[in-house]
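Read through the structure below, which is laid out as structure tokens, and then see the notes.
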Amino acid sequence: MSHKRVTKRKAIIAAGGVAALGAAAILLPQANASQDGGSNNAATVKTLKSGDASDLASQLAELLGDAFAGSYYDSDDKQLVVNVVNVSGDDNNVIVQAQKAGAKVREVQNSKAELEAAAKTLKTKATIPGTSWAVDPKTNKILVTADATVTGSKWDQIDSTVKTLGSGMATIKKSAGTLKPLVSGGDAIFGGDARCSLGFNVTAGDGSPAFLTAGHCGVAAKQWSDSETGQPIATVDQATFPGDGDFALVKYDDPNTQAPSEVNTGQQTVAISQAADATVGTQVFRMGSTTGLNDGQVLALDATVNYPEGTVTGLIQTDVCAEPGDSGGSLFTQDGQAVGLTSGGSGDCTVGGETFFQPVTTALAAVGATLGDGGGIGAGDAVGGDQAANGGQAANGGQDQAGNGGEEQAANAGQGEAANGGQDQNGGEEQAANAGQGEAVNGGQAQNQGQEQGQEQNQGQEQNQGQEQNQNGNGLEDGSGLTESH
């Protein structure tokens with residue numbers, strides 16, 4: 001049979017919906033703001049939408065060659081800032097070329113090649129579980145992060161390696177949380193003892209309907225269901241984790257399944273128009289089965305993360321919060337671009353932390369898929385099933401959690417969060433699984449970004465975005481970040 005989204009829009013906003021409300025409120029003024037005007041500083045510097053800035057950055061990287069040392073999006077001025085090196089005398093008119101293209105040019109000390117060489121040194125000498133590194137174009141340095149498990153000789157090793165890179169090449173910071181893949185036992189899409197989030201519906205290379213999720217979810221279980229006790233509706237076709245990414249292609253078992261390219265954030269969907277590369281500084285939004293809708297900024301690209309299960313490369317680093325069960329969930333922009341799939345991180349949505357994402361463009365190329373079209377299951381829904389969900393599932397790390405102490409959602413050892421025993425946690429209505437294209441996620445109103453955005457902005461209305469979220473329970477079965485299947 002064809003799996004289609006079952007509407008369950010009766011959920012109300014509970015205290016756990018505060019984060020979703022905040023993200024939606026941020027979207028509204030930005031969606032209405034004009035981003036196409038000229039610069040207020042220099043006639044040659046253009047004001048750009050984040051998607052346009054990403055395209056320009058790619059063009060300039062090729063145009064400037066060795067002089068290009070990274071770029072980022074200045075979200076306040078809505079400008080692309082391009083770092084350049086070795087332009088003394090500017091024989092090749094590097095600065096002129098970049099400015100004519102519409103970028104703001106900044107001369108920096110460290111070249112892209114030097115930063116890449118430093119990253120290779122870290123890989124060789126300091127590949128320690130609980131650490132990560134990525135180039136931060138805003139500081140023109142490598143940002144190294146060490147979580148709470150990196151102590152004693154491990155800390156000495158990473159610290160001394162950073163110092164050998166030389167002054168001005170890298171910085172190191174401690175994270176209070178623990179780096180781990182964010183899979184959990186509980187609600188949303190289910191495979192064995194694992195619970196993850198659906199990322200984006202796609203069309204596989206052979207034309208069959210499928211979806212993308214995290215690779216560590218794909219290796220945790222072969223078959224996936226839209227309810228904890230339901231029959232499998234999709235089977236893993238390809239999965240990568242650890243290694244060169246964290247992504248999986250899961251094909252729906254029913255070839256007639258419709259797979260819409262949209263994400264439902266509550267009472268409206270955001271249609272996904274295309275996959276896009278991330279740009280540092282861009283505001284992004286994440287949907288996940290545990291914590292629903294949250295927003296933040298892209299901090300760095302091509303990040304290397306050393307999980308306990310192994311090293312993963314090529315990830316996007318952000319300050320968007322996430323918790324166990326959010327793995328695989330969609331990362332997208334306000335104007336409907338699919339950017340990433342939730343991989344892992346540290347911290348939670350109470351204290352914050354770092355979260356890493358698999359780039360969608362890389363995943364699509366690797367599995368030979370394209371963003372899907374149609375009208376059925378969406379990224380915010382529990383893969384076409386009966387469950388309400390933020391990003392597809394019950395918003396609280398877990399489905400009907402009848403306080404089964406040691407069962408699905410035992411008190412989250414490692415996270416310090418209680419399992420919220422007995423309440424029915426349909427994390428907020430069903431949310432269409434696939435980010436939907438340009439509609440703002442604001443406060444529950446449908447805001448088609450490509451249209452006039454003057455429609456009802458019921459920011460005060462029930463925003464099922466946040467749905468009833470168990471603020472305590474992440475649904476994590478143990479403190480490892482992975483389920484017992486590992």
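Any read-out appearing in this document is the output of simple, stated calculations on the displayed coordinates, not a laboratory observation. Keep in mind it's a predicted model, so treat the numbers as computed, not measured. So basically every Cβ, Gly included, is an ideal-geometry build from the backbone, and we count neighbours across all protein chains shown.
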Sorted by chain and number, the residues with a modelled amide H under 5 Å from that of E262, at a separation of 5 or more or across chains, are N201, I272, A379, N434, A435
At 7 Å along Cα-to-Cβ for each site, give me the label-to-label distance between K100 and Q297 in nm. 3.1
Length gain on complete extension for the stretch T229 to T370, per 0.36 nm per residue less the alpha carbon to alpha carbon distance? 47.7 nm
Expressed in µm² per second, the diffusion coefficient of region 163-296 from the Stokes-Einstein equation, with Rh the Kirkwood radius over alpha carbon pairs, at 25 °C and 0.890 mPa s, is 146
Per-residue HN-Hα couplings for region 293-299 [Karplus 6.51, -1.76, 1.60; θ = phi - 60°; Hz; x = Gly/Pro]: 8, 9, 10, x, 10, 6, 9
The long-range amide H neighbours of S71, using H built 1.01 Å from N in the peptide plane and a cut-off of under 5 Å, are N83
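How big is the C-alpha Rg of region 50-107 next to the rule-of-thumb value 2.2 N^0.38 Å, as a ratio? Walk me through the numbers on the way to the answer.
Values: Rg = 10.5 Å, N = 58, 2.2 N^0.38 = 10.3 Å.
Scaled against compact globular proteins, the figure is 1.02.
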3J(HN,Hα) from dihedral phi, region 219-225, Karplus parametrisation 6.51/-1.76/1.60, rounded to Hz, x for glycine, proline: 8, 6, 7, 8, 10, 10, 10
Greater than 32 Å apart at Cα, pairs in K112/K222; K112/K154; K112/K174; K46/K251; K125/K251; K49/K154: K112/K222; K46/K251; K125/K251; K49/K154
Provide the per-residue ³J(HN,Hα) series for region 65-71, in order, calculated from phi with Karplus coefficients 6.51, -1.76, 1.60 and θ = phi - 60°, each as a whole number of Hz, with x at glycine and proline positions. x, 5, 6, 6, 10, x, 7
Could you please tell me the mean projected area of the C-alpha convex hull for region 112-174, averaged over all directions and given in square nanometres to one decimal? 3.7
Considering every pair of different Cα atoms, what Kirkwood radius, in Å, is found for region 208-284? 14.3
T269 long-range amide H proximity, modeled H, under 5 Å: none
